[in-house]
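Only one structure is covered here, and it is reproduced in the block below.
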Amino acid sequence: CRCAGRTRSQHIMPKVDRCAQLKKEAANARRRIVTQARSEAKATEKVQKEEQRAEEQRAEEERAKAKQSGPTRFSRAMQEGNSKSAFARAADKFVQQSDSEAEDNEDYAAAGGEEAEDYSPSMPSPPKKESAASKKKQQATQHLDEIALLTLEQKAARQERVKMRMLRMLIVGFFLEARKGREARPAQKDSVKAKKKNNKAHSDSGLTFGRVREILNLYGGPILMVLFTLALFGARIMGEDFVPDRVTEDGVNHYEVLGVVSDADNLQIRKAYKALALSWHPDKNPGCEACAARFAKISKAYETLSNAELRKAYDQRRAPDGSLDSVSSVDLTAEDFEVRVLRSNEVWYVQIYDPADGFCGSFHPLWEDVAHRFGNVAKFGRIDSVKYRRALSHLPQRVGMVPLVFRFARGVEPALFTPSVQALEEGGPAPLARFVQDTLPKVGQLGSQQEFQSWWVGSPSRPKTLILSPSGRRSSKSEHLLQLQRAAHLWGEFADIRISDAKTVQLEGAQAPGSNWTVAIKAASLQGVQTEIKHIPDLRDLPRFVQDEISRLIVNIQAPQVTVRNHQQLCGPHGGLRTYCLFMINAPQDNTKALEELHSSRASFMTEVQELRSADDEATEEPFHVQPVRISTSSSRLPSGPIAAGPSFSSVWSEAERAPAFVLELETRRIGPVKTTSLRELYQQIAYDEVKFKDLPESISLVRALPDPEVPLRRELLQILTTIPGSVSAWLLFATTIAIIPELSLASGGAVVTGALAVVVAAWPLASRRVLGFLA
């Protein structure tokens, strides 16, 4: 054996010379090009010879005819083109042929890098001696040409692969591949036999990696596009159950219907009922079914609360013994949990329970007691973990045991209360009551005069409200102070509320006589920055006074951007008054002129109401409230800018005849267009039925029509994919990505993906807002 005497190192395979391989491939490519060029030149020469023979044959026929017809016709033919002799014509043809072959030879040399000497019509010239430098330069140029040729071939092959992948993703390539397969079937018997032999070998050996890859290349595109289409249908189904068209209430709070607190006296209840009954009476609102239903609720609430025995029974209402039905809290489902709890400015306490669990049955009466006691401070709801399991996905953590109580509030992390058997047996409802009192969002405290000065000085961007308590009269456990904490949290988006006492903070004109509470409000109104100071003798009136003052200031100084979270505050009842929401479409942030006109209309209308009451004691004209709000049809990419309205807004706007502004009554779902350009008489137009209201169809969701800055990107993406332009764009983007990514290196692929994500973020306003907000 020849290898017997070799060492181990000599058995190692030599390294592959890549440069030599490239030269060899380039030489083969050059040889193919030259061969093809020579064959084309031969074919061209053959055609020229045939044309020459045909021309000579035509000339002979012409001369024969000329001889037969006489000298006149022969001389005419000579004048038309045959005046040259045969020797001259042969010389001209030889020169033309030589020039043509010389040009072809130059083309061959340019294409193949060498002279086509076999086709030279003249004698070859003696070779010139070349220097070593010129030879090296010529070799370097030839090497570069070979590399460039290989690069072009690789680029063409890459483009062909990308094209075929794209066509396969679009299913067109599948049919092209099938057609090519039919055309490429061998016609010769030998090839058929070889193919059968190969198929037999494949069947014996099973599926190979190459065979699997071939199948995936052929059928992968259609399969991926079918899966992508199914994903789009799934996205559409998942995106349709975001929120219900209307949020229904499981119970009626008579105190909320009349707009009074739970400890209101009979005089306050009677006054609230009279004001509401005059506004909602069916005779005053002909053709309004919602007004009649609202009036029935008002009458039922007054009938219950005005009777001492009925009111006592209502205040002590309890579920039957052994039942887990709640009369102090509402049942929450997966469909309404997000809108009612997560998109609310109220503070919510939500219990997770299992009807079949014995501990939940023991905890239920304690829950009812605390929910009834703090019903004026927060909202209470429950989730049946068995019946509404999908609602548990909105909770901040996995539910392992029941019962559990979560606290949800805007801008703060959720809080958790886990009841224990021992604590409940010893303290009853006290542990849960302490949890409610301790986790209710607190009002900002001012601990010194210097801290107050740094906060109070300057022009406020939103109203600043200072509440000063008399000495020794402030207790964090007081029910009315808890209501004040609720009001401060509820209106914290529109006003900055702080609390202190009269000894700590000294403000000119704020010294309250006796035990009165002091409320100082500093706001930038249409007339400039103004400060108002009010004294409240009764702590029970303080929360309602603060809410009414803030809502009044909002009308005078700004038209806020309406959202899903704040629409109940802005468009709901204000101080027992009937409220209309004025939607201004795409209005600028600086709308001082519109606010001045609205303020003038309100002042003149209130003067008319006072004159009517003084002239006629039985006048039924009651004041109402108009709250201006702004809504935009496009989103800003800055977090501080407006966000576009919801998907149902187009239907709502169509009901208002696409007017630049319309009036909406949220309680009755009535809408009317404002067709005048000025708002100077809007109150009069509403009062005297010049604004033509009509009921919104039940199929239109008001919640889905409002902007939602907190909507998850996932849900927004699903909504985009459910539209025809969005699904088509995503389909093409997916196909293009699958076709191009395999041809890129890891670094290039990462750069392309990063660039694509940057383009998506720049083109998607909601994503831009989230990214900029995160970076800020």
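The values are calculated or read from the model by the stated rules, or taken from the named source; none is laboratory data. A quick note: this is a predicted structure, and the numbers were derived from the prediction, not measured. As a convention, Cβ positions derive from the backbone with ideal geometry for all residues, glycine included, and neighbour counts pool all protein chains shown. These accessible areas exclude ligands, DNA and RNA; they are computed on the full protein's heavy atoms, side chains included. Shrake-Rupley method; radii C 1.70, N 1.55, O 1.52, S 1.80 Å.
Residues of the stretch 401-425 with an amide N closer than 17 Å to a point placed 7 Å from the Cα of residue 362 along the Cα-to-Cβ direction: 401-405, 418-425. Accessible-area rank, largest first, for 669, 398, 38: 398, 38, 669, with all protein chains present and a 1.4 angstrom probe. Amide H to amide H, with H built 1.01 Å from N, residue 578 comes under 5 Å of 625, counting only residues 5 or more places away or on other chains. Evaluating 6.51 cos²θ - 1.76 cosθ + 1.60 at θ = phi - 60° for every residue in the stretch 645-656, the Karplus couplings come out as 5, x, x, 8, 5, 4, 5, 5, 5, 5, 5, 8 Hz, glycine and proline recorded as x. Sequentially through the stretch 627-638, phi angles give Karplus couplings (6.51, -1.76, 1.60; θ = phi - 60°) of 9, x, 9, 10, 9, 10, 9, 9, 9, 8, 7, 9 Hz, Gly and Pro residues having no value and appearing as x. Taken along the Cα-to-beta-carbon direction at a fixed 7 Å, the label points for residue 271 and residue 422 span 5.2 nm. Amide hydrogen proximity for residue 525: with H placed 1.01 Å from N in the peptide plane, the residues at 5 or more positions away or on another chain lying under 5 Å are 530.
Here residue 694 and residue 21 are evaluated by their C-beta separation; at R0 = 60 Å the FRET efficiency comes out at 0.15.
Simple point charges give the picture: +1 on the Cβ of Lys and Arg, -1 on the Cβ of Asp and Glu, and for the stretch 374-496 a dipole about the Cα centre of about 360 debye. Annotation: extensible slack from residue 669 through residue 415 equals 87.9 nm (criterion: 0.36 nm per residue apart, minus Cα-Cα distance).
The distance linking the stretch 640-667 with the stretch 359-404 is 35 Å (Cα centroid to Cα centroid, whole angstrom).
Derived scalar couplings between HN and Hα for the stretch 671-686 equal 9, x, x, 9, 8, 8, 7, 9, 9, 5, 10, 5, 4, 5, 5, 6 Hz in order, rounded to whole Hz, by the Karplus curve 6.51 cos²θ - 1.76 cosθ + 1.60 (θ = phi - 60°), x for Gly and Pro.
Using 0.36 nm per residue and subtracting the Cα-Cα separation, the extra length available between residue 613 and residue 745 on full extension is 39.2 nm. Residues whose amide H lies under 5 Å from that of residue 632, counting only those 5 or more places away or on a different chain, are 586, 645; hydrogens are built 1.01 Å from N in the peptide plane. Rounded to the nearest 0.05, the FRET efficiency derived from the C-beta distance between residue 311 and residue 373 at R0 = 22 Å is 0.85.
Within the stretch 701-757, the proportion of C-alpha pairs whose separation exceeds 16 Å stands at 61%. Potential lengthening of the chain between residue 29 and residue 531 amounts to 171.7 nm, from the contour at 0.36 nm per residue minus the alpha-carbon distance. Could you list the chymotrypsin sites (Phe, Trp or Tyr not before Pro) in the stretch 609-694 that lie in coil according to DSSP, counting only those with at most 12 other Cβ atoms within 10 Å of their Cβ? Those satisfying the criteria are 688. When the listed pairs 271/297; 271/300; 379/464; 284/692; 297/692; 379/442 are checked against a 18 Å cut-off, the alpha-carbon distance exceeds it for 379/464; 297/692.
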